[in-house]
Amino acid sequence: MTPVLELEGITKRFGAMTANDDVSLTLGQGEILALLGENGAGKTTLMNILFGHYAADEGTVRVFGEELPTGRPRAAIDAGVGMVHQHFTLAGNLTVLENVMLGSEPLASLRSARGAGRRKLMQIAERFGLPVTPDARVSQLSVGERQRVEILKALYRDARVLILDEPTAVLARPEAQRLFETLRDMTKEGLSLIFISHKLHEVMAASDRVAVLRAGQMVAERKTADTTADELAELMVGRKVERPVRRGHLIGSPVLVAENVRVEDKGEARLDDVSFAVHEGEVLGIVGVSGNGQADLGALLSGLKTPASGTLTLAGQDVGQIGPRGMIRAGVGRVPEDRHAEGAVGELSVWENAVLERLRSPDFSRRGFVRTAACKSYAAELIERFDIRGATPDTRTRLLSGGNMQKLILGRCLSIGPRFVLANQPTRGLDEGAISAVHAELLAARSKGAAILLISEELEEAVALSDRIQAIVKGRLSQPVAADDADARKLGLMMAGVWKEDHHAA
């Protein structure tokens, strides 16, 4: 195929760390190329160099045969390169049309050509099968709709090469399948695509070719038809990857019990008549399509929301009204859904995030003064135990890859030996090796007697880790079923609201 994009000898260093080491890559006309690698392998850095966010220390980038100047996103856009970031860059208070047109008009222009912009947007939306409502506020859109807007924003600027960084990290599987169907249709219209992903089933289903980065170096390229998910996983981490297996063992007494809990927001029920119990040494899995109350359940169990009615008890004590600090003091460990917004403070160091929830402990402060040496020693132990790569206690947390940030949060949560663990989407956006590590730590905590509530949109993960599973639909929970008796069909029906006995969500 005619190359539309060529990266040759790309090297990028951040101080002593080499993020990309002499990387070369090509993309053909109408091709879908998957860029695969562990968290921190250098994938996003490489794409940021291509798009001009970073300047390479060595190497060249050519688009349609023309060399791009380094470190200039406008030059990349003008050459026909568009990028959709993992974390959306949309203004929630603006409309779809305003977001798409933002930055596309000269500053000296006295009037905005909104009419022409609307027509162009609707033509692109129809051509590529990406329907939108131009006047809808972005803050009111679903995650899938926002991603659609991000893609349209790139296409509005006449992108012919599109880069998608973890495009399905926050999408439910049906949304992800629809996205890749759309992307395949887009290549028929002449677009060429690179997408970064950790999800091997997506890579196998959607790509024409796969390039694998490991520790900043290009270690393999394969035609998708000539490889397997197992081979790609091994190429990513440099060894055979096997996920840990849950073993049967004795389940203890109830630790966290919810009875007929209702959570409201502005008088509207977000959780309704929710009842469940999590026992010592048990993982209770909660599955469901995104947006059915998982976020509210996570907020309730973190102390961020309180029950309007019903009871929530931990080891027999009412914890419904004690707030986040009270939950931490009661022995609740949490792995929140959004590691960037809720799990860690990016501008703080690794050691500061490691002790953030326990700073008042005598281990880390005395008479109002922080015991910095003790904090850093503790952080160093977490880094070693949980294999947090590219980190020292003084590293800014925002510089960690998503997987290594997740391992930091998990380590902070599990190192205190919590009675109860809330694991909310614990492996979202992680590579195969990191997923195996997270699963192993959760199962180890289970074996030590921790009660774990797992909220996951990945059915395979829920079945692999859970002892029992309940489905959440429109803020209501099904009756639990044993994970060993749950297959994809049964769970699919439960997630659709088809429940036994008197439980049915229309």
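The values are calculated or read from the model by the stated rules, or taken from the named source; none is laboratory data. From a predicted model like this one, the values you see are computed outputs, not experimental measurements. Cβ: placed from backbone, ideal geometry, glycine included. Neighbour counts: every protein chain shown.
Observations on the model:
- Of the set (1) under 30 Å from residue 214 (Cβ atoms); (2) free of Cβ contacts under 8 Å to residues at least 24 places away in the same chain; (3) crowded, with 19+ Cβ neighbours inside 10 Å, all apply to residue 148 but (1).
- Just one of the numbered conditions (1) of a type in the set (Gly, Ala, Ser); (2) more than 19 Å from residue 441 (Cβ to Cβ); (3) surrounded by 15 or more Cβ atoms within 10 Å (Cβ to Cβ) is not true of residue 377: (3).
- Some residue of the stretch 101-119 being surrounded by 18 or more Cβ atoms within 10 Å (Cβ to Cβ), outside the structural domain of residue 288 (by TED's automatic domain parsing) and more than 30 Å from residue 288 (Cα to Cα): yes
- Annotation: residue 70 fulfils all but one of (1) surrounded by 23 or more Cβ atoms within 10 Å (Cβ to Cβ); (2) modelled with pLDDT under 90; the unmet one is (1).
- Taking the listed residues 318, 296, 265, 272, the one that is in the same structural domain as residue 490 (by TED's automatic domain parsing) and modelled with pLDDT under 90 is 265, with no other qualifying.
Results for (1) surrounded by fewer than 16 Cβ atoms within 10 Å (Cβ to Cβ); (2) part of a loop (DSSP other than H, G, I, E, B); (3) modelled with pLDDT under 95, shown as yes or no for each residue.
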{"position": "13", "(1), (2), (3)": "yes, no, yes"}
{"position": "19", "(1), (2), (3)": "no, no, yes"}
{"position": "23", "(1), (2), (3)": "no, no, no"}
{"position": "30", "(1), (2), (3)": "no, yes, yes"}
{"position": "36", "(1), (2), (3)": "no, no, yes"}
{"position": "39", "(1), (2), (3)": "no, yes, yes"}
{"position": "44", "(1), (2), (3)": "no, no, yes"}
{"position": "50", "(1), (2), (3)": "no, no, yes"}
{"position": "54", "(1), (2), (3)": "no, yes, yes"}
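- Residue 446 touching a residue at least 40 places away in the same chain (Cβ under 8 Å), surrounded by fewer than 21 Cβ atoms within 10 Å (Cβ to Cβ) and out of contact with any Ser or Thr (no Cβ under 8 Å at 6 or more places or on another chain): no
- Some residue of the stretch 343-364 being assigned to a loop (DSSP other than H, G, I, E, B) and among the polar types (S, T, N, Q): yes
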